[in-house]
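Structure first, commentary second.
The values are calculated or read from the model by the stated rules, or taken from the named source; none is laboratory data. Note that this is a predicted model, so its numbers are computed, not measured. In this analysis, Cβ positions are derived from the backbone assuming ideal geometry, glycine residues included, and neighbour counts consider all displayed protein chains.
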Amino acid sequence: MIKKIIFPLFLFLVSCNAPDPPANSVKTKSPSKPKVATPKPSPGPWIVKSYVDANGEPTARKYVRLDTDGTFSNSTVSNNYLHTVFLVNKENAGILLHQHKRSNPAEKFTGLVRIKMKNSSGKELEMTSSRGWNKSGGILIEQNNNDYSQFRIFLLQSEGVINVEINDDSSSVYHFDLNAAGFSDAFSQI
């Protein structure tokens, strides 16, 4: 019976005096410094898009697009909301002007339209157009009179904001700004 009591007591005493467990031999990694991410250039406001065919499928023909807001005034209203869409492809450019809200159809022009642009360095460009972008409306900037070439070069050489004023034969005046940032990169992709 004494053996029954002494043996568990012996085990208890031995376990209380057991040496400390060995130190962890696995080396912990020092916290690593996070990798510095290479900053990506912020995308410009110009978006590269593809024309679609009659079935709604994208084609290989591309264009760049910029949406911007501004104001318009005529004989009945002053400084009302204007949404403008610029479309530029390899052959010509279009300006679609939507009065009052984005979802309204583009304005149709029947007479001469005068377009005046001034970039942040003070350089100006003036063009005229008497043609619509398409049957739904808008303004076409085309190759005749070298307007499209001058317009494209003006955009490629401009930096920052371009102030635009459009006057039509019915005394309407449209004002908005274009952001030229990213145009060159976007245009090179079409």
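Could you please give the count of residues in segment 104-128 that are of a type in the set (Asp, Glu) and not in a loop (DSSP other than H, G, I, E, B)?
2
So how many residues does segment 89-103 have that are part of a loop (DSSP other than H, G, I, E, B) and surrounded by 13 or more Cβ atoms within 10 Å (Cβ to Cβ)?
Number of matching residues: 2.
Go through segment 137-173 and give me each residue that's farther than 14 Å from Phe86 by Cα and surrounded by 16 or more Cβ atoms within 10 Å (Cβ to Cβ).
Asp147, Phe154, Ser158, Asp168, Ser172
All but one of (1) farther than 18 Å from Leu178 by Cα; (2) over 20 Å from the mean Cα position of the chain (by Cα); (3) part of a strand (DSSP E or B) hold for Gly56; which doesn't?
Gly56 satisfies all of (1) farther than 18 Å from Leu178 by Cα; (2) over 20 Å from the mean Cα position of the chain (by Cα); (3) part of a strand (DSSP E or B) except (3).
Which residues, counting only those in segment 111-136, are closer than 19 Å to His175 by Cβ, buried (at least 19 other Cβ atoms within 10 Å of the Cβ) and at pLDDT below 90?
Ser129
Please find, among Phe72, Phe86, the residue that is among the aromatic types (Phe, Trp, Tyr), touching a Lys or Arg at 6+ places or on another chain (Cβ under 9 Å) and either surrounded by 13 or more Cβ atoms within 10 Å (Cβ to Cβ) or outside any strand (DSSP E or B) (or both).
Going through Phe72, Phe86 in turn, just one is among the aromatic types (Phe, Trp, Tyr), touching a Lys or Arg at 6+ places or on another chain (Cβ under 9 Å) and either surrounded by 13 or more Cβ atoms within 10 Å (Cβ to Cβ) or outside any strand (DSSP E or B) (or both): Phe86.
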